[in-house]
Amino acid sequence: MSSATMTAPADKKSHSLALMAGILLVGLHVAIGLLTLVWLPYDPTAMAGGRLEGPSLLHWLGTDRLGRDLFTQMMIGSRIALIVGVGAVAIGAVIGVTLGLLAAFASKWLDDALAATLDILIAFPTLLIAMLVVAASDTANLWSAIVALGIALSAIVARLTRILAKRVLVMDYITAARTSGSSWPKIVAIHILPNIWPTLSVNFALQFGLAVIAEASLSYLGLGAPPPNASWGRILQEAQGTVYTAPLGAIAPGIALVSLAIGVNLLADGLRDAIDPTRRAR
Amino acid sequence: MSLVRVDHVSFGYTANRRILDDVSLDIAQGDTIGLVGESGSGKTTLLRLLLGLARPDSGTITFDGKPLEPGNGAFMREFRRQAQVVFQDPYSSLDPRQTIQSIIAEPLRSLKIAGDHAKMVGNALDAVGLDRDVGTRFPHQFSGGQRQRIAIARAIVPGPRLLLADEAVSALDLTTRIRIVDLLAGLSKTMSLLFVSHDIGVVAALCRRIVILEKGRIVEAGDTAAVLANPQHPYTQRLLASVPRLNLNEVSS
């Protein structure tokens, strides 16, 4: 305890720095994403210049092989990435946390059955499950990709929730809540969720990054958002044939993807620390 | 008049192994009883049954003349108000994400007890010897002994008639233990106390009556002084012999 107290000021400083960096990175993408709803530099589907132009004042990231402005597409990509990340994680969280809590409270055989099912689901790569779900639905569009990714992610969330909830359930403060007359729903809301939330939220941030990358992969395979939805994955796919002559088309989506994933992780870490009473100074 | 009556209660988690075997026990109003036994003797299980957290396989437990029915919501609410518990581990019995105020007020909220909760929490903090202004702090800011006081405050805040203490001082260091035992001794003047422990020394200091549990059976019961002065059952004799004593002769030689 004493060592934790001694290092607290330095930790606190780096925590708030990480939080600031996270807010900046995510905020940038959110701002760009919102901007695309009202304004774009060029029509994303029309030829705006020559083919495969390099960066210039008119086209900051140059143009693609059809002469479309790459920066415009990247901006739209931000919006799509955010929608996919938030949507998939929200779906995965709702299904996963519900299933995980159910398993934690279930009788032994039901818990075993759920745990085994989750393990099998997790053994398949997220992308593979998502592809299966997309393939099963008739039309491949942005929403089918989000639902598919959400379902694929929910297995991971469910398993984590189950383990975390079980760990909290054996605590004396749960028994104390019961002898204090609190009902199970109340115990879940007041004691279990707040105590498993810090770990879950960091996991959600990781999954956000996973979802955005997986959507890029789905788009790359032609199973994601169809044109003109310029997701980063689609930009990457379209740029791969010309990667030697116009490398920016491949580099830009990669950098954008990484910056958003890092931003979300920093943001989640920072928020977790900011709301954690045990990390506040005495 | 007996507040709690345990009548020929048996219990097992699995069909072929009994944790409690035909246990009968009376806790009179105002009584202070030490329930002593080694690990695995069934002490904690008996406590869970007494708290209505599990049902006996056979036999009955009555509180104030009425049988404990975990399914009867209205009765259990009244029962929980009157019977509270303090656990062994002060580090696991307080939710790390709740303020002290919120932890102590939980029985008041959940049992829908009328009144000024903030004031009642303040009174409970007074009673356990903590400052009233600790309410905004969190459990990790307190030592083990202070946490146990907070846990005791939560137990006494609804004004119970029965306090169950499950090894409530075992995890504390010696000087803290003495202070918490003193605190419990003071509380036992206003409520019945069932003090579960493997520590005969603490029980001797605190409890008027003693009940010895071995492998789920009560092997000896009676006034603490009488039982300890003249233990009848071999198990009690062994328990007494196993109390570590400071042999001054050996230390000095």
*the stretch B:93-165: trypsin sites (Lys or Arg not before Pro) falling in loop per DSSP and having at most 10 other Cβ within 10 Å*: B:K112
*asked:* How high is the relative contact order of the stretch B:97-253? Use alpha-carbon pairs under 8 Å, at least six apart in sequence, and give a whole percent.
replied: 16
*Quick one: with all protein chains in place, what share of the accessible area of the stretch A:151-232 is carbon or sulfur, to the nearest percent (1.4 Å probe)?*
69
*the stretch B:165-198 versus the stretch A:250-269: alpha-carbon centroid distance in Å*: 55
*Report the calculated FRET efficiency for A:L40 and A:S137 (r = Cβ-Cβ distance, R0 = 35 Å), to the nearest 0.05.*
0.75
*Determine the dipole magnitude for the stretch B:2-244: charges of +1 sit on the beta-carbon of Lys and Arg, -1 on that of Asp and Glu, nothing else is charged, the reference point is the Cα centre, and the result goes in debye to the nearest 20.*
460
*Taking a probe of 1.4 Å and counting only protein heavy atoms, give the total accessible area buried between chains A and B in Å², rounded to the nearest 100.*
2300
*Quick one: among A:G254, A:G22, A:G87, which has the greatest mean-square fluctuation in a GNM of chain A with alpha-carbon springs under 10 angstrom?*
A:G254
*Project the alpha carbons of the protein assembly as shown onto their principal axes and report the range along each, largest first, in whole Å.*
104, 58, 49
*Which of the pairs A:K166/B:K66; A:K186/B:K43; A:K166/B:K189 have their Cα atoms more than 31 Å apart in this structure?*
A:K166/B:K66; A:K166/B:K189
*Which whole number gives the average count of other chain Cβ atoms within 10 Å of the Cβ atoms across peptide A:178-190?*
6
*Treating each Cα of the stretch A:54-190 as an identical point scatterer and ignoring solvent, apply the Debye formula and state log10 I(q)/I(0) at q = 0.09, 0.10, 0.11, 0.19 Å⁻¹.*
-0.44, -0.52, -0.59, -1.06
*Nitroxide proxy distance, nm - points 7 Å out along Cα→Cβ at A:K166 and B:A15*: 2.5
*May I ask for the equivalent-ellipsoid semi-axes of the stretch B:2-244, computed as the square root of five times each C-alpha gyration tensor eigenvalue and listed largest first in whole Å?*
29, 22, 16
_Test of understanding: in a Gaussian network model of chain A with alpha carbons linked when under 10 Å, which of A:Q240, A:Q73, A:Q207 would top the mean-square fluctuation ranking?_
A:Q240
_Options B:T60, B:A105, B:Y91, ranked by Cα towards positive dipole end of the stretch B:13-111, top entry (Cβ charges)_ = B:A105
*Efficiency by 1/(1 + (r/R0)^6): what FRET value for B:E69 and A:A274, r their Cβ-Cβ distance, R0 = 56 Å, to the nearest 0.05?*
0.80
*Return a whole-number percent for the relative contact order of the stretch A:101-244, with Cα pairs under 8 Å and 6 or more residues apart as the contact set.*
27
_How high is the relative contact order of the stretch B:1-59? Use alpha-carbon pairs under 8 Å, at least six apart in sequence, and give a whole percent._
39
*Highest-MSF residue in chain A out of A:G270, A:G249, A:G49 [GNM, Cα springs under 10 Å]*: A:G49
*Any chance you could run the full-extension gain for B:T136 through B:A205? It's 0.36 nm times the residue separation minus the Cα-Cα distance, nm to one decimal.*
21.4 nm
*May I ask you to work out the translational diffusion coefficient for the stretch A:81-279 at 4 °C, viscosity 1.567 mPa s, via Stokes-Einstein with Rh from the Kirkwood sum over Cα pairs, reported in whole µm²/s?*
71
*Please sort A:215-225, A:152-162 by packing, taking for each peptide the average over its residues of neighbouring beta carbons within 10 angstrom, highest first.*
A:152-162, A:215-225
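Leaving out ligands and nucleic acids, note down the accessible area per residue over the protein assembly as shown with a 1.4 angstrom probe, in whole Å².
Result: 47 Å² per residue.
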*P(r), alpha carbons of the stretch B:152-253 - 5 Å bins starting at zero, rounded %*: 2, 11, 20, 21, 18, 14, 8, 4, 1, 1, 0
*State which helices in chain A qualify, where a helix is a whole DSSP H run, it must extend 30 Å or more along its own axis by its Cα atoms, and its mean Kyte-Doolittle hydropathy must be at least 0.5.*
A:2-38, A:70-105, A:142-169, A:193-220, A:248-275
*Can you give the mean number of other chain Cβ atoms that lie within 10 Å of the Cβ atoms in peptide B:75-86?*
2
*Sorting A:M20, A:M74 by accessible area (1.4 Å probe), largest first, what list results?*
A:M20, A:M74
_Out of all Cα-Cα pairs in the stretch A:20-81, roughly what percent, to the nearest whole number, are more than 14 Å apart?_
56
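Give me the percent of accessible area attributable to carbon and sulfur for the stretch B:54-178, probe 1.4 angstrom.
The value for the stretch B:54-178 is 50 percent carbon and sulfur by accessible area.
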*Set the Förster radius R0 to 41 Å, insert the Cβ-Cβ distance between B:H233 and A:T117 as r into 1/(1 + (r/R0)^6), and round the FRET efficiency to 0.05.*
0.20
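If you take each beta carbon of peptide B:138-145 and count the beta carbons of other chains within 10 angstrom, what is the mean?
Rounded to a whole number, the mean comes out at 3.
The values are calculated or read from the model by the stated rules, or taken from the named source; none is laboratory data. All of these numbers come straight from a predicted model, not from anything done at the bench. As a convention, Cβ positions derive from the backbone with ideal geometry for all residues, glycine included, and neighbour counts pool all protein chains shown. Protein only, heavy atoms only, side chains kept; ligands, DNA and RNA dropped before computing areas. Shrake-Rupley method; radii C 1.70, N 1.55, O 1.52, S 1.80 Å.
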